[in-house]
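Single-structure report; data block below.
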Amino acid sequence: MAGILLLLSVVAPSCKKKGSDQDVKFVAPASFPQPVYNMAANPLTQSGFVLGRKLFYDSRLSRDNTIACGNCHQQFASFVHAGHTVSHGIDNKLGHRNTPALVNLAWSYDFFWDGGVHDLDLVPPNPIKNPVEMDAQLPDVLAKLRNDSKYPGMFKAAFGTDEINTTRFLQALSQFMYALVSANSRYDRYVRGETKLSSDELAGLALFQQRCSTCHATDLFTDRSYHNNGIQTGISDSGRYNVTLDPADIGRFKTPTLRNIEKTSPYMHNGSLHSLEDVLDFYGASVHYSPTLDTVLQRGGTTGITLSADDKVKIIAFLKTLTDDDFLKDPRFSEQ
Amino acid sequence: MKKYNLYILALVAIIATTASSCKKNSTPDGTGSVTVHFDNRYASTDLALGTAYTTSNGETLTPTTFNYFVSNFVLVKSDGTKYTVPKDQCYHLVREGVDSSADLTIQNVPAGDYTGVQFIIGVDSAKNTAPVSERTGDLDVAGAASDMYWTWNSGYIFYKLEGMSPQAPYDSMMGMAMMYYHVGGYGGMSSATINNIRTVSLTSGTAAQVRSGHHSTVYLYADVDAVFNAPVQITIAANPGHMFDQYSTTISANYADMFSINRVTND
């Protein structure tokens with residue numbers, strides 16, 4: 001009994017002093033699987049988190065000091081680029097993929113739509129160097145930070161000395177990013193027995209578990225694996241194939257989480273769907289066949305998932321219970 | 001201080017006498033240092049970036065970048081016994097045009113007569129997947145290795161050859177006709193994929209006589225042209241550019257034999 005009480009006090013989300021940086025800590029929700037990120041090698045500290053947040057919102061990480069990570073990853077939209085089909089970076093250049101949400105990254109095995117990067121610490125060099133995102137050279141970025149009046153002191157607070165090196169720079173960004181845990185939506189409170197869902201929402205949950213949760217699995221709402229869900233008419237973006245060069249992976253993409261999905265439009269790796277209604281209509285009637293289309297989405301001669309108009313309404317009602325307002329408005333995650 | 005020195009002298013003397021009394025054919029004791037020097041060439045001439053060369057296929061190439069990683073060195077004695085250099089002492093990036101990058105100096109090599117050197121072109125899979133804190137020096141992804149690392153498919157670029165060539169298509173962004181081979185791929189993290197790690201094994205008639213207080217240098221030649229001719233003939237016209245793709249394994253099989261030992265010196 002004492003053991004159970006102790007466990008609860010560790011995993012329960014903190015209720016006091018919400019929103020203050022002193023309160024920053026990593027809490028693994030009881031309903032989630034084990035985190036993947038190696039926190040022992042980069043433990044979350046208040047000063048490390050504050051440094052990571054400053055870096056995340058600092059446009060000096062880009063070549064011409066115009067674009068910060070936070071430009072494309074906006075908190076109110078669960079850290080997607082609100083309203084942008086594909087990313088919009090430096091010199092008004094367009095990327096070729098939709099910006100994914102940054103939530104519960106500590107549970108990810110690999111990153112980006114095709115999973116090309118397998119360590120959160122190694123994610124930032126990609127947008128920083130990408131010519132259509134931030135287009136900077138990493139040694140130049142580190143030099144800017146070294147010449148700044150504030151950063152050396154912040155690195156000292158976070159890591160013991162004012163040395164600014166690659167490891168510290170990347171680990172600070174990771175501390176901010178892995179602290180972005182979303183687990184206080186109405187759905188989570190329902191799971192914890194703290195609130196009730198409406199009958200439509202519950203019916204939607206049941207339908208979701210039958211039709212969608214093979215891929216959008218567990219309370220992370222992703223199986224963290226790769227599937228072709230038939231979103232592309234032809235194959236213009238080969239997805240996972242670019243990383244593995246295995247023809248079976250052509251057109252496969254990482255299953256995205258559905259947390260805060262109400263806020264992350266437009267949807268899919270190419271941003272081609274604009275509302276949840278569009279998404280459900282797509283799964284019901286417009287799933288495109290190609291040789292790698294997931295077998296779950298192939299039934300006899302047809303493709304897609306059987307969904308009545310009523311099913312769609314209920315599934316959408318359920319999906320909206322995944323909105324976590326505390327997360328979307330948490331002042332600790334905002335630009336200061 | 002003096003006392004201490006005397007003590008060490010005494011110790012050395014004891015070790016020396018025990019060693020010589022135990023073994024009839026006395027092997028040298030202690031450790032020495034070996035420098036492996038990388039001298040990039042184009043066929044029979046010294047390589048200079050910005051100079052036009054005629055390839056063995058009769059095409060024209062003006063190299064603008066020629067960089068490669070070497071690592072996992074093993075030194076082989078004349079009797080076949082091997083000394084494996086500790087991995088973290090020998091991840092080395094050779095950059096044509098940067099003189100200091102031509103030399104890899106290995107300290108604390110056990111004394112002996114070495115006639116062989118083995119290494120890989122590239123970076124082993126363990127290092128390709130190591131935590132960022134273990135990627136220092138030539139492996140620093142935001143430092144020395146920042147242009148020898150793929151950020152979107154994380155892994156080191158093992159070999160990078162870029163150059164201007166009239167046989168390559170005109171690149172409007174660069175404003176010239178460019179060829180490029182960026183070769184990497186260590187076998188994959190969560191799914192198996194291409195592996196371009198290539199092993200090199202070279203032997204020399206002259207031994208590097210490693211002794212304490214002495215220094216040996218192994219001068220290697222690396223011939224850029226090797227990538228175009230064997231075992232497969234690769235023309236710039238047919239293959240002007242490759243990065244992470246299946247054909248890159250053909251390219252790495254060709255450049256795997258670009259090295260030869262030119263000479264060995266013992267100082």
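The values are calculated or read from the model by the stated rules, or taken from the named source; none is laboratory data. As the structure is a prediction and not an experimental result, all values here were calculated from the model. Neighbour counts are summed over all protein chains in view; Cβ atoms, including those assigned to glycine, are modelled from backbone coordinates with ideal geometry. Surface areas here come from the heavy atoms of the whole protein model, side chains and all, with no ligands, DNA or RNA. Shrake-Rupley method; radii C 1.70, N 1.55, O 1.52, S 1.80 Å.
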- Item | Every pair of residues 6+ apart whose Cβ atoms lie under 6 Å, when the first sits in the stretch A:106-132 and is open to solvent by less than 10 Å² (accessible area, probe 1.4 Å) while the second is in a loop (DSSP other than H, G, I, E, B) and of a type in the set (Val, Ile, Thr) | A:TRP107/A:VAL36; A:VAL117/A:VAL123; A:PRO125/B:VAL141; A:PRO125/B:THR151
- Query: Applying the selection to the stretch A:70-110, what residues are assigned to a helix (DSSP H, G or I) and within 14 Å of chain B (Cβ to nearest Cβ)?
  - Reply: A:ASP91
- Of the residues B:ASP138, B:ASP124, which is of a type in the set (D, E, K, R), more than 14 Å from every other protein chain (Cβ to nearest Cβ) and touching a residue at least 24 places away in the same chain (Cβ under 8 Å)? B:ASP124
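Conditions tested, residue by residue: (1) within 14 Å of chain A (Cβ to nearest Cβ); (2) assigned to a strand (DSSP E or B); (3) surrounded by 15 or more Cβ atoms within 10 Å (Cβ to Cβ).
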residue	(1), (2), (3)
B:THR64	no, yes, yes
B:TYR68	no, yes, yes
B:VAL76	no, yes, yes
B:SER101	no, no, yes
B:LEU104	no, yes, yes
B:VAL117	no, yes, yes
B:ALA130	yes, no, no
- Item | From A:SER290, A:SER308, A:SER286, residue being free of Cβ contacts under 8 Å to residues at least 12 places away in the same chain, surrounded by fewer than 20 Cβ atoms within 10 Å (Cβ to Cβ) and out of contact with any Asp or Glu (no Cβ under 8 Å at 6 or more places or on another chain) | A:SER308
- Note on the structure: Exactly one of B:SER248, B:SER190 is closer than 25 Å to A:VAL243 by Cα, in contact with a Gly (Cβ under 8 Å, 6 or more places away or on another chain) and free of Cβ contacts under 8 Å to residues at least 40 places away in the same chain, and that residue is B:SER190
- Please specify each residue of the stretch B:165-176 satisfying the condition of being in contact (Cβ under 8 Å) with a residue 24 or more places away in the chain and over 16 Å from B:ASP225 (Cβ atoms). B:PRO166, B:ALA168, B:PRO169
- Task: Could you look through the stretch B:78-99, keep only residues that are part of a strand (DSSP E or B) and of a type in the set (A, V, I, L, M, F, W, C), and pick out the one that is surrounded by the most Cβ atoms within 10 Å (Cβ to Cβ)?
- Result: B:VAL94
- Message: It is to be established whether one or more residues within the stretch A:18-39 are of a type in the set (Ser, Thr, Tyr) and surrounded by 22 or more Cβ atoms within 10 Å (Cβ to Cβ).
- Response: no
- Query: Which of the residues that make up the stretch B:154-176 are open to solvent by less than 20 Å² (accessible area, probe 1.4 Å) and either touching a Pro at 6+ places or on another chain (Cβ under 9 Å) or within 14 Å of chain A (Cβ to nearest Cβ) (or both)?
  - Reply: B:SER154, B:GLY155, B:TYR156, B:ILE157, B:LEU161, B:GLY163, B:SER165, B:ALA168
- Item | Checklist (1) of a type in the set (S, T, N, Q); (2) within 14 Å of chain B (Cβ to nearest Cβ); (3) free of Cβ contacts under 8 Å to residues at least 60 places away in the same chain applied to A:GLN171, failing item | (3)
